[in-house]
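Report on one structure; see the data block that follows.
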Amino acid sequence: MPPPLLLFKTTASVLPILASSYGRKEMDTTEPRTTGHLSRLPSRLHHHAFVVRDHEANRRFFEGLLGIPLVATWCEKSFSNELNKVIEFCHTFFGMADGSSLAFFQFADPEIYELTQAERPAKIGRYDHIAFKAESETYDELKRRLEAAGEKYRETNHGYCKSIYVSSPDGLVVEFTEDPPDAAEIDAARRADAHRELARWLTGDRRTNNELRGRAF
Ligand SMILES: [Fe+2]
């Protein structure tokens, strides 16, 4: 059995401190006027969209290297309010097992690509990423594919999951993550203290609560 997750107590005065300490407008620091969670949560990721310079280079990476199939290509023209003209674009989707997908846009006019890019990319970009759950055999196969292709990837054992990270030709960072056998137990513990731990950290208590990091599984 893994060691239990560390739980920290926070004081009852935490929430008033949160509500008054950052000088933001009221909406940011108080509960909204609606109550409770959605009656029915969104069911899953539908797609995550990203702009690419070259659909074929992108397809070679996701379908050819990683083995995630191209499942739809929509070729379209639409009026751009930003540019006040009709633009031509191609929208591709690469499908996961649950029906969710990674989606990509390429524009016929390369100038539009430039207009979609940040003027100054982040110096450290890896924290912005999208992650997909992979079963153990898929996780291992992805590693084998990356290694066989000589493609660079990063692997981290977070303890509550382990992950490989790859970067597409256009810089989309995609994580594939494998859950441990006791994922349900971990999930239950973290759900129980999620608000308390958030409040604790935001008020300056920076003790780690991940005793699982690096454990073998
Ligand atoms: Fe992640």
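Just so it is clear, none of the values below were taken in a lab; they were calculated from the coordinates. What you see is a predicted model; the values in this text were computed from it and never measured. Note that we place each Cβ from the backbone using ideal geometry, even for glycine, and neighbour counts take in every protein chain shown.
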How far, in degrees from 0 to 90, does helix 136-149 lean away from the longest principal axis of the Cα atoms of the chain, to the nearest 10?
-> 50
Where is the GNM fluctuation largest for the chain (alpha-carbon springs, 10 angstrom cutoff): 140, 187, 179?
-> 187
Under-24-angstrom lysine pairs by C-alpha in region 47-178, whenever the two are 8 or more apart or on separate chains = 8
A student applying the Cα gyration tensor rule (rounded when a/c is under 1.5; otherwise prolate if a/b is larger than b/c, oblate if not) would label region 162-217 oblate
Taking θ as phi - 60°, what are the ³J(HN,Hα) couplings along region 150-160 by the Karplus curve (6.51, -1.76, 1.60), each to the nearest whole Hz, with x for Gly and Pro?
-> x, 8, 6, 8, 10, 10, 9, 9, 7, x, 8
Kirkwood Rh over alpha-carbon pairs of region 47-178 plugged into Stokes-Einstein at 20 °C, 1.002 mPa s gives a D in µm²/s of 134
Arrange the following residues from fewest to most other Cβ atoms within 10 Å of their Cβ: 70, 172.
-> 70, 172
Residues with amide H under 5 Å of residue 131's amide H, sequence separation 5 or more or different chain, H placed in the peptide plane at 1.01 Å from N; which?
-> 175
How many percent of DSSP beta bridges within the chain run antiparallel, rounded to 5?
-> 75
So what's the back-of-envelope 222 nm ellipticity for the chain, counting only DSSP H runs of four-plus at -39500 (n - 2.57) apiece and dividing by all residues, rounded to 500?
-> -7500 deg cm²/dmol
Rounded to the nearest 0.05, what FRET efficiency is calculated for residue 38 and residue 108 with R0 set to 41 Å and r the Cβ-Cβ distance?
-> 0.60
Helix 183-202 sits at what angle to the longest principal axis of the chain, using alpha carbons and giving 0 to 90 degrees rounded to 10?
-> 80
The set of residues whose placed amide H lies less than 5 Å from the amide H of residue 47, leaving out same-chain residues fewer than 5 positions away, is 101
The residues 116, 177, sorted from fewest to most surrounding Cβ atoms within 10 Å, come out as 116, 177
Vicinal HN-Hα couplings computed from phi for region 165-172 (Karplus, 6.51 cos²θ - 1.76 cosθ + 1.60; Hz; Gly/Pro x) = 10, 10, 10, 6, x, 9, x, 6
Which distance in nm do the two modelled labels at residue 210 and residue 155 give, with both placed 7 Å along the Cα-to-Cβ direction?
-> 1.7
Exposure proxy check: 91, 37 ranked by fewest other beta carbons within 10 Å?
-> 37, 91
